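The block underneath contains the structure these notes are about, expressed in structure tokens.
Any read-out appearing in this document is the output of simple, stated calculations on the displayed coordinates, not a laboratory observation. Predicted model, so just to flag it, every value in this text is computed and none were measured. Reconstructed Cβ throughout: ideal geometry from the backbone, glycine too, with neighbour counts over all protein chains shown.
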Amino acid sequence: MAKNTPQAIRGTQDIFGEDAEAFAFVVETFERVRKLYRFRRVEMPVFEKTEVFARSIGETTDIVSKEMYSFEDRGGESLTLRPEFTAGIARAFLTNGWQQHAPLKVATHGPLFRYERPQKGRYRQFHQIDAEIIGVAEPQADVELLAMADQIIRELGIEDVTLHLNTLGDADSRDAWRGALVEHFRAVKDELSEDSQERLEKNPLRILDSKDRRDQAFVADAPKIDDFLTDEAKAFFEAVTSGLDAAGVKWQRAESLVRGLDYYRHTAFEFIPDEGSEAASRLGSQSTILGGGRYDGLMESLGGAPTPAVGWAAGIERLAMLVGEKGEPKADVIVVVENDDLLNQGIATLGKLRSAGHSAELMASGSPRKRWDKAVKAGAETIVALDMRDGAAHVRIKAEDSHRETLEGLLG
Ligand code: ATP
Ligand code: MG
């Protein structure tokens with residue numbers, strides 16, 4: 001490497017080879033399945049005004065308080081590289097009048113940016129697949145989204161990952177629970193981590209989300225949301241769980257699961273590898289692969305009319321780590337030009353093959369006599385070689401009998 005070469009930015013990745021194939025497999029599977037569920041594609045800007053994120057995600061969250069890439073542009077406006085999709089999609093829903101399309105099911109994928117401590121499965125530029133249903137207050141939307149997430153994970157061949165499900169209740173349940181949590185944690189305040197002492201004042205629910213050992217004993221015996229659920233909130237959650245059972249989606253109740261963001265109501269969920277499983281060991285400590293929930297309060301925080309919505313996002317890199325080796329595919333056919341006078345004939349043959357839908361490569365450099373052996377070594381099932389015999393072009397085909405006829409038809 002040249003001494004002078006600038007290095008990549010810490011926490012970014014140059015994804016190549018088998019890793020890139022696994023990444024593409026995740027995106028392709030997502031694209032296929034989202035069409036089965038009739039989600040429409042959206043393409044969103046990579047940056048937004050900072051307030052889009054600050055107002056919807058919440059000032060006290062880790063994302064807004066510590067992780068955003070914010071900067072002033074040349075016009076003096078504060079902009080932020082998107083740390084998540086939901087806030088931008090909500091902004092677009094309001095500014096484009098997408099209310100007219102409600103109920104709206106949308107899906108997207110792409111890069112996100114968070115200033116975090118880089119480690120395995122955690123990057124500063126990472127990628128997500130994302131799905132949202134906007135304008136549906138009924139629990140069937142939650143069920144449909146979770147069924148789609150479950151199908152994507154199964155079609156990726158990922159095993160030993162379980163849906164952990166909780167409810168945060170409606171506004172009334174959440175307020176009552178919040179009060180009880182504050183009381184519970186205030187009694188042991190001095191023994192909590194510094195972060196959680198701060199959360200106690202600003203956002204006590206998030207103490208439940210703490211990964212700090214000092215907090216975990218107190219989290220275990222904290223008041224449970226179930227004791228505070230209104231009848232309505234209870235009925236909502238029951239509709240979600242019975243819908244999941246009907247859809248054949250396995251789930252597990254996770255009473256302390258809260259999501260880091262302020263905007264969640266009712267359903268909150270994460271797909272997490274089972275403890276001790278192969279998947280868990282591959283991901284190390286960065287274990288959650290997919291997370292989301294219902295965010296009925298978000299549109300109002302952006303100045304819109306109350307609009308129920310639910311969504312999820314999953315890290316493409318973390319999913320790709322679990323799909324395992326995706327070898328780079330071999331070419332269906334290699335066209336070997338054994339005499340350089342036949343180069344253009346080789347190029348024409350290559351074009352015919354590719355137009356007919358075969359992946360094909362040309363072998364026309366290096367010593368002509370070694371090209372055939374190189375093609376065999378490259379492992380192509382089928383080789384088409386062009387050579388001169390008695391002053392005329394001669395075609396030699398190495399192929400399974402079933403392929404030979406199609407090829408002769410195509411090239412003849
Ligand atoms: P974590 O608890 O791991 O920080 P999170 O709750 O911040 O995750 P979300 O905002 O819910 O994550 O994003 C959904 C998914 O996006 C995560 O489950 C994970 O797969 C992925 N993800 C989030 N942050 C990163 C990151 N910095 N690098 C790679 N993937 C990430
Ligand atoms: Mg995070």
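Quick one: 3J(HN,Hα) in Hz for the range 342-347, Karplus 6.51/-1.76/1.60 with θ = phi - 60°, rounded, Gly and Pro as x.
Each residue's phi maps through the Karplus curve to give 9, 4, 5, 5, x, 4 Hz.
Can you give the Kirkwood hydrodynamic radius for the range 196-251, in Å, rounded to one decimal and based on Cα pairs? Intermediate values should be presented prior to the final figure.
On the way: mean 1/r = 0.0735 Å⁻¹.
Averaging 1/r across every pair of different Cα atoms and inverting gives 13.6 Å.
Rank these for me by crowding, 52, 310, 26, going from fewest to most other beta carbons within 10 Å.
Working: 52 21, 310 29, 26 26.
Lowest to highest Cβ neighbour count: 52, 26, 310.
Determine the dipole magnitude for the range 103-225: charges of +1 sit on the beta-carbon of Lys and Arg, -1 on that of Asp and Glu, nothing else is charged, the reference point is the Cα centre, and the result goes in debye to the nearest 20.
Details: 18 positive and 24 negative charges, 106 e Å.
Computed about the Cα centre, the dipole is about 500 debye.
For the range 182-290, run through the trypsin sites (Lys or Arg not before Pro) and keep only the ones in DSSP coil with at most 15 other Cβ atoms within 10 Å of their Cβ.
Working: sites: 186, 189, 199, 202, 206, 211, 213, 214, 224, 234, 250, 253, 259, 265, 282; in loops: 211, 224, 250, 259.
Here the sparse-neighbourhood loop sites are 211, 224, 250.
Show me the ranking of peptides 35-45, 126-136, 370-380 by mean Cβ neighbours inside 10 Å, starting with the highest. Could the numbers behind the result be given before it?
Numbers: 35-45: 13.5, 126-136: 23.0, 370-380: 15.2.
Highest mean packing first, the order is 126-136, 370-380, 35-45.
Report the gain in length on full extension from residue 191 to residue 116: 0.36 nm times residue separation, minus Cα-Cα distance, nm rounded to one decimal. Don't skip to the end; give the middle numbers.
On the way: separation 75, 0.36 × 75 = 27.00 nm, distance 2.60 nm.
Stretched out fully, the residue 191 to residue 116 stretch lengthens by 24.4 nm.
Placing unit charges on C-beta atoms (Lys and Arg positive, Asp and Glu negative, everything else neutral), compute the dipole magnitude of the range 80-151 about its Cα centre in debye, rounded to 20.
580
Under a point spin-label approximation (7 Å from Cα along Cα-to-Cβ), what is the residue 381-residue 77 distance to one decimal in nm?
About 5.3 nm separates the two model spin labels.
How large is the direction-averaged shadow of the alpha-carbon convex hull of the range 333-411, in nm²?
Details: hull surface 19.8 nm².
Result: 4.9 nm².
How big, in percent, is the set of alpha carbon pairs in the range 147-209 lying more than 12 Å apart?
On the way: 1444 of 1953 pairs.
The answer is 74 percent, as a whole percent.
Beyond 29 Å between alpha-carbons counts as too far, so tell me which of 3/377; 105/234; 3/330; 66/250 fall in that bin. Intermediate results must be reported in sequence, preceding the final value.
Values: 3/377 36 Å; 105/234 25 Å; 3/330 36 Å; 66/250 35 Å.
From 3/377; 105/234; 3/330; 66/250, over 29 Å: 3/377; 3/330; 66/250.
Within 10 Å of each candidate Cβ there may be at most 11 other Cβ atoms; applying that plus a DSSP loop requirement, which GluC sites (Glu not before Pro) in the range 327-412 survive?
Values: sites: 338, 361, 381, 400, 405, 408; in loops: 338, 381, 400.
Within the range 327-412, the qualifying GluC sites (Glu not before Pro) (loop, at most 11 other Cβ atoms within 10 Å) are 400.
So what's the gap between the Cα centers of the range 159-221 and the range 331-408, to the nearest angstrom?
Cα centroid of the range 159-221 versus Cα centroid of the range 331-408: 65 Å apart.
What nm distance separates the two modelled labels at residue 401 and residue 330, each placed 7 Å from Cα along Cα→Cβ?
Modelled inter-label distance: 2.1 nm.
By counting other Cβ atoms within 10 Å of each Cβ, how are 264, 69 ranked from fewest to most?
Exposure proxy ranking, most exposed first: 69, 264.
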